[in-house]
1. Quick check on my filter: what residues within the range 56-70 are touching a residue at least 60 places away in the same chain (Cβ under 8 Å) and in contact with a strand residue (DSSP E or B) (Cβ under 9 Å, 6 or more places away or on another chain)?
2. For the subset of the range 18-45 comprising residues that are part of a loop (DSSP other than H, G, I, E, B) and either open to solvent by less than 100 Å² (accessible area, probe 1.4 Å) or touching a Leu at 6+ places or on another chain (Cβ under 7 Å) (or both), which member is nearest to Lys133 (Cα to Cα)?
3. In the set Lys115, Lys162, Lys151, which member is of a type in the set (Lys, Arg), open to solvent by 70 Å² or more (accessible area, probe 1.4 Å), at positive phi and assigned to a loop (DSSP other than H, G, I, E, B)?
4. When residues of the range 6-17 are filtered for being exposed (fewer than 14 other Cβ atoms within 10 Å of the Cβ) and charged (D, E, K, R), how many remain?
5. Quick one: is Ala119 over 19 Å from Asn41 (Cβ atoms) and either at pLDDT below 95 or hydrophobic (A, V, I, L, M, F, W, C) (or both)?
6. Give the residue, chosen from Gly105, Gly83, that is under 26 Å from Met1 (Cβ atoms), assigned to a loop (DSSP other than H, G, I, E, B), modelled with pLDDT of 95 or more and open to solvent by 10 Å² or more (accessible area, probe 1.4 Å).
7. In the list Ala3, Ala72, which residue meets the criterion of being surrounded by fewer than 19 Cβ atoms within 10 Å (Cβ to Cβ) and under 25 Å from Ser146 (Cβ atoms)?
8. Pick from Lys151, Lys67, Lys162, Lys133: which is of a type outside the set (Phe, Trp, Tyr) and more than 27 Å from Leu7 (Cβ to Cβ)?
Amino acid sequence: MHAIEALKTRRSIRAFKPDPVRKEVLEDIIDCGRLAATARNEQPWEFVVVTDAQMRKQIADATDFGKFIANAPVCVAVVCEDGKYYLEDGAAATQNILVAARAHGLGGCWVAGDKKPYAPRICAMLGAPESCKLVSLIALGHPGESPSPAKRQLDEVLHWEK
(Lines give C-alpha, C1' and ligand atoms only; values in the text may rest on other atoms or scores of the structure.)
Protein backbone atom coordinates (compact mmCIF):
# COMPACT_ATOMS: atom_id res chain seq x y z
CA MET A 1 0.00 0.00 0.00
CA HIS A 2 1.30 3.46 -0.85
CA ALA A 3 1.89 5.96 1.96
CA ILE A 4 -0.85 8.35 0.82
CA GLU A 5 -3.41 5.55 0.69
CA ALA A 6 -2.40 4.37 4.18
CA LEU A 7 -2.75 7.90 5.53
CA LYS A 8 -6.11 8.49 3.89
CA THR A 9 -7.66 5.13 4.83
CA ARG A 10 -6.40 4.73 8.41
CA ARG A 11 -9.24 4.62 10.92
CA SER A 12 -9.46 3.78 14.61
CA ILE A 13 -10.15 0.07 14.95
CA ARG A 14 -11.47 -1.20 18.27
CA ALA A 15 -12.55 -4.72 17.25
CA PHE A 16 -10.01 -7.30 16.17
CA LYS A 17 -9.85 -10.81 14.83
CA PRO A 18 -8.02 -13.20 17.18
CA ASP A 19 -5.30 -13.94 14.59
CA PRO A 20 -1.76 -13.26 15.81
CA VAL A 21 0.44 -10.66 14.14
CA ARG A 22 3.75 -11.91 12.78
CA LYS A 23 6.85 -10.79 14.70
CA GLU A 24 8.51 -9.51 11.51
CA VAL A 25 5.51 -7.27 10.83
CA LEU A 26 5.56 -5.91 14.38
CA GLU A 27 9.27 -5.20 14.10
CA ASP A 28 8.72 -3.29 10.86
CA ILE A 29 5.89 -1.28 12.41
CA ILE A 30 7.99 -0.37 15.45
CA ASP A 31 10.89 0.49 13.14
CA CYS A 32 8.59 3.04 11.50
CA GLY A 33 7.78 4.47 14.93
CA ARG A 34 11.46 4.77 15.76
CA LEU A 35 12.03 6.78 12.57
CA ALA A 36 9.45 9.46 13.45
CA ALA A 37 10.24 13.14 13.56
CA THR A 38 11.85 14.13 16.84
CA ALA A 39 12.83 17.48 18.34
CA ARG A 40 16.58 18.00 18.37
CA ASN A 41 16.93 14.33 17.37
CA GLU A 42 16.44 13.37 21.01
CA GLN A 43 14.56 10.15 20.20
CA PRO A 44 13.22 9.83 23.77
CA TRP A 45 11.06 6.82 22.99
CA GLU A 46 10.97 3.19 23.96
CA PHE A 47 8.36 0.78 22.62
CA VAL A 48 6.96 -2.13 24.63
CA VAL A 49 5.13 -4.75 22.57
CA VAL A 50 2.71 -6.74 24.70
CA THR A 51 1.26 -9.94 23.25
CA ASP A 52 0.58 -11.76 26.52
CA ALA A 53 -3.20 -11.93 27.00
CA GLN A 54 -3.07 -11.59 30.78
CA MET A 55 -0.88 -8.47 30.61
CA ARG A 56 -3.10 -6.93 27.91
CA LYS A 57 -6.12 -7.51 30.15
CA GLN A 58 -4.35 -5.84 33.09
CA ILE A 59 -3.47 -2.86 30.90
CA ALA A 60 -7.03 -2.68 29.53
CA ASP A 61 -8.52 -2.87 33.02
CA ALA A 62 -6.33 0.04 34.15
CA THR A 63 -7.60 2.36 31.40
CA ASP A 64 -10.83 4.29 31.20
CA PHE A 65 -11.47 4.11 27.43
CA GLY A 66 -9.16 1.27 26.34
CA LYS A 67 -11.01 -1.84 27.47
CA PHE A 68 -10.77 -3.25 23.91
CA ILE A 69 -6.99 -3.62 24.37
CA ALA A 70 -7.75 -6.92 26.10
CA ASN A 71 -9.18 -8.31 22.84
CA ALA A 72 -6.46 -7.03 20.51
CA PRO A 73 -3.66 -9.51 19.80
CA VAL A 74 -1.08 -6.77 20.41
CA CYS A 75 -0.71 -3.68 22.54
CA VAL A 76 2.18 -1.30 21.96
CA ALA A 77 3.07 1.08 24.76
CA VAL A 78 4.95 4.19 23.68
CA VAL A 79 6.94 5.50 26.62
CA CYS A 80 9.30 8.45 26.50
CA GLU A 81 12.02 9.76 28.73
CA ASP A 82 10.66 12.92 30.35
CA GLY A 83 11.92 16.05 28.62
CA LYS A 84 10.79 19.24 26.95
CA TYR A 85 9.37 17.61 23.81
CA TYR A 86 8.59 14.05 24.94
CA LEU A 87 4.88 14.41 24.17
CA GLU A 88 5.35 15.74 20.64
CA ASP A 89 7.99 13.12 19.87
CA GLY A 90 5.94 10.26 21.32
CA ALA A 91 2.84 11.43 19.44
CA ALA A 92 4.77 11.49 16.16
CA ALA A 93 6.02 7.95 16.82
CA THR A 94 2.49 6.82 17.68
CA GLN A 95 1.10 8.19 14.42
CA ASN A 96 3.88 6.51 12.43
CA ILE A 97 3.00 3.20 14.10
CA LEU A 98 -0.69 3.58 13.26
CA VAL A 99 0.00 4.41 9.61
CA ALA A 100 2.57 1.59 9.29
CA ALA A 101 0.04 -0.84 10.76
CA ARG A 102 -2.51 0.26 8.15
CA ALA A 103 0.08 -0.18 5.39
CA HIS A 104 0.52 -3.78 6.59
CA GLY A 105 -3.25 -4.35 6.43
CA LEU A 106 -3.67 -4.14 10.19
CA GLY A 107 -5.89 -1.94 12.29
CA GLY A 108 -5.06 0.01 15.38
CA CYS A 109 -6.41 2.47 17.89
CA TRP A 110 -4.56 5.09 19.93
CA VAL A 111 -5.46 5.08 23.62
CA ALA A 112 -4.36 8.10 25.61
CA GLY A 113 -1.55 7.74 28.09
CA ASP A 114 -0.07 11.12 28.91
CA LYS A 115 -1.83 12.99 31.70
CA LYS A 116 -4.09 10.03 32.47
CA PRO A 117 -4.16 8.96 36.13
CA TYR A 118 -3.39 5.37 35.12
CA ALA A 119 -0.20 6.25 33.24
CA PRO A 120 2.29 5.77 36.11
CA ARG A 121 0.65 2.46 37.04
CA ILE A 122 0.95 1.12 33.50
CA CYS A 123 4.57 2.29 33.28
CA ALA A 124 5.27 0.38 36.50
CA MET A 125 3.46 -2.72 35.16
CA LEU A 126 5.71 -2.59 32.10
CA GLY A 127 8.87 -2.10 34.12
CA ALA A 128 9.57 1.35 32.67
CA PRO A 129 11.90 3.62 34.65
CA GLU A 130 10.20 6.27 36.81
CA SER A 131 11.72 8.93 34.55
CA CYS A 132 9.55 7.74 31.66
CA LYS A 133 6.10 8.98 30.68
CA LEU A 134 3.41 6.89 29.00
CA VAL A 135 2.50 8.73 25.82
CA SER A 136 0.14 6.18 24.30
CA LEU A 137 -1.15 2.66 24.20
CA ILE A 138 -1.87 1.28 20.75
CA ALA A 139 -4.15 -1.71 20.23
CA LEU A 140 -3.09 -3.55 17.06
CA GLY A 141 -4.37 -6.50 15.08
CA HIS A 142 -6.27 -7.73 12.08
CA PRO A 143 -9.38 -5.54 11.82
CA GLY A 144 -12.68 -7.00 12.90
CA GLU A 145 -14.56 -3.89 11.76
CA SER A 146 -14.45 -1.26 9.03
CA PRO A 147 -15.63 2.03 10.51
CA SER A 148 -15.99 5.06 8.29
CA PRO A 149 -16.69 8.04 10.52
CA ALA A 150 -17.43 11.36 8.87
CA LYS A 151 -14.36 13.54 8.43
CA ARG A 152 -14.42 17.29 7.93
CA GLN A 153 -14.01 18.25 4.29
CA LEU A 154 -10.75 19.78 3.09
CA ASP A 155 -12.37 23.10 2.22
CA GLU A 156 -13.59 23.35 5.83
CA VAL A 157 -10.12 23.08 7.33
CA LEU A 158 -7.75 24.49 4.71
CA HIS A 159 -6.93 28.20 4.89
CA TRP A 160 -4.55 30.11 2.65
CA GLU A 161 -2.44 32.97 4.02
CA LYS A 162 -4.54 33.55 7.14
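The values are calculated or read from the model by the stated rules, or taken from the named source; none is laboratory data. It should be emphasised that the depicted structure is a prediction, and the values quoted were computed from it without experimental measurement. Note that we place each Cβ from the backbone using ideal geometry, even for glycine, and neighbour counts take in every protein chain shown. Only protein heavy atoms, including side chains, enter the accessible area calculation; ligands, DNA and RNA are left aside. Shrake-Rupley method; radii C 1.70, N 1.55, O 1.52, S 1.80 Å.
1. Answer for the range 56-70, where residues must be touching a residue at least 60 places away in the same chain (Cβ under 8 Å) and in contact with a strand residue (DSSP E or B) (Cβ under 9 Å, 6 or more places away or on another chain): Ile59, Thr63, Gly66, Phe68, Ile69.
2. Selected residue: Pro44.
3. One residue alone meets the criteria, Lys115.
4. 1
5. Working: over 19 Å from Asn41 (Cβ atoms): yes; either at pLDDT below 95 or hydrophobic (A, V, I, L, M, F, W, C) (or both): yes.
In short, yes.
6. Residue meeting the stated conditions: Gly105.
7. Going through Ala3, Ala72 in turn, the sole match is Ala3.
8. Answer to the selection: Lys67.
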